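Below: the structure, in structure tokens.
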Amino acid sequence: MHILEILKQRAMASAGTIVLPEANDKRTLAAAAQICAQKIAHVVLLGQKEQVLAEAAKWNYDLAACEIIDPATSADLDLFTEVLYERRKEKGMSKADAQLTMQNPLYFGAMMVKQGRASGMVAGAANTTADVLRSALHVVGVRPGLKTVSSCFIMVSPQENDKTYLFADCAVVPNPTAEQLADIASSTAESRRSILADEPLVALLSFSTLGSAEHELVEKVREAKGILDARKVDFSYDGELQLDAAIIESIARSKAPHSKVAGRANTLVFPDLQAANIGYKLVQRLGGYEAIGPIIQGLAAPICDLSRGCSVQDIVNTSILVLLMSKK
């Protein structure tokens with residue numbers, strides 16, 4: 001069984017609610033209909049009901065099982081406005097600004113998640129990544145104990161029984177500091193536990209293995225490990241490790257014989273965005289791995305971004321991941 005089918009079955013069991021704020025997008029409507037038809041989750045679409053249903057009818061999408069909410073006329077608008085105002089007033093937001101902002105579907109959807117009205121939100125088919133992340137940060141904020149929002153990809157081998165990896169951060173933080181690398185490691189470990197339901201073995205990658213080279217780039221990775229040590233995190237990690245030492249047991253025995261992670265790592269934290277982005281695309285294009293993501297992580301509640309070139313299936317798949325991330 002393909003990993004996405006396994007994840008879908010687990011997501012269905014959570015009986016969660018997904019909010020899709022881009023009801024003006026044809027792909028979003030198709031995905032909503034598919035999610036409901038497959039009983040993956042309850043779906044909330046945000047928009048004017050008559051317009052949404054008219055657009056769905058034009059494409060013969062069945063939205064009978066979906067809930068449609070117009071933020072501008074919702075009974076929750078006043079409550080949501082007050083919550084946003086209290087959260088943002090010190091940043092200069094007025095009550096009138098908060099009410100206007102809360103009529104934006106991205107902000108209304110994020111507030112539904114914050115207030116427990118939805119398990120998570122998926123957006124980005126019709127909005128930029130910056131807009132999606134801004135609404136998420138303004139409404140739900142960063143997860144307690146972290147300061148960094150990042151991303152990861154699930155890398156699925158074409159060989160059914162091979163290991164599935166998580167790669168981070170491939171999409172958000174260009175040149176992370178040591179503290180940000182530590183945050184990325186913690187977030188990716190949590191993503192692995194919630195989505196794949198197994199234990200993360202985190203490798204902090206570099207061109208050096210445990211002191212084999214000296215450079216300021218290597219030192220940053222060592223500092224990140226030191227921060228994880230100080231935090232006393234509850235997952236296994238090590239670094240700095242070269243890629244081969246991280247994932248190949250025979251090389252790990254030679255380069256890092258005393259490491260509890262080397263040779264067995266399933267969660268790879270790259271030292272910067274260039275390395276991570278190049279790395280996942282090499283594995284995808286030359287190694288034939290399937291790349292699922294990017295998955296936004298580090299937020300206080302699950303909200304994920306899509307590429308504006310996404311497919312209907314991308315929206316469905318991302319909704320499945322968000323449902324799993326919402327399970328504590």
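Volume per residue for region 268-328 equals 118 cubic angstrom (convex hull of Cα atoms). Net charge in the neighbourhood of F207 (other residues with Cβ under 15 Å of its Cβ; Lys, Arg +1, Asp, Glu -1) is -3.
Can you pull the Rg over Rh of region 17-172, Cα-only, Kirkwood? Using Cα coordinates only, the ratio equals 1.02. Residues with beta-carbon under 14 Å from that of Y280, excluding Y280: net charge, scoring Lys, Arg +1 and Asp, Glu -1? Summing Lys/Arg as +1 and Asp/Glu as -1 gives -1. Taking the DSSP beta bridges with both ends in the chain, the antiparallel portion is around 30 percent. Footprinting exposure proxy ranking of H138, H258, fewest other C-beta atoms within 10 angstrom first, gives H258, H138. Dipole magnitude for the chain: computed about the Cα centre from +1 point charges on Lys and Arg Cβ and -1 point charges on Asp and Glu Cβ, it is near 320 debye. Altogether, the Stokes-Einstein calculation at 20 °C and 1.002 mPa s, with the Kirkwood radius of region 1-57 over Cα pairs as Rh, returns a diffusion coefficient of 177 µm²/s.
Couplings for region 70-76, taken from phi via the Karplus curve 6.51 cos²θ - 1.76 cosθ + 1.60 with θ = phi - 60°, read 9, x, 5, 10, 5, 5, 8 Hz in order; Gly and Pro are left as x. The H on the amide N of D169, modeled in the peptide plane, is under 5 Å from the matching H of F270, each at least 5 residues off or on a different chain.
Neighbour counts of other Cβ atoms within 10 Å put E160, E240 in the fewest-to-most order E160, E240. You can think of it this way: the chain between R231 and T73 has 52.3 nm of extra reach, that is 0.36 nm per residue less the Cα-Cα gap.
Close amide-amide hydrogen proximity is noted between S212 and no other residue 5 or more places distant or on a separate chain, at a cut-off under 5 Å (H modeled in the peptide plane; Pro and chain starts excluded).
DSSP bridge analysis restricted to region 150-292 gives an antiparallel fraction near 40%, rounded to the nearest 5.
In terms of distances greater than 32 angstrom between alpha carbons, the cross-link table entries K147/K260; K39/K232; K163/K220; K220/K255 yield K39/K232. Among residues other than K26 with Cβ under 15 Å from its Cβ, the summed charge is -2 (Lys and Arg +1, Asp and Glu -1). Seen from all directions on average, the chain presents a Cα convex hull projection of 17.3 nm². Hydrophobic long helices, here whole DSSP H runs in the chain with Kyte-Doolittle means of at least 1.6 and Cα atoms spread over 24 Å or more along the helix axis, are not found.
Projecting the Cα atoms of V172, S186, A11 onto the charge dipole of the chain (Cβ charges, centred on the Cα centre) puts A11 farthest toward the positive pole.
Once Rg and the Kirkwood radius are both taken over the C-alpha atoms of region 150-292, their ratio Rg/Rh works out to 0.93.
Any read-out appearing in this document is the output of simple, stated calculations on the displayed coordinates, not a laboratory observation. All figures in this text were calculated on a predicted structure; none of them were measured in a lab. Note: ideal-geometry Cβ built from the backbone for every residue, glycine included; neighbour counts use all protein chains shown.
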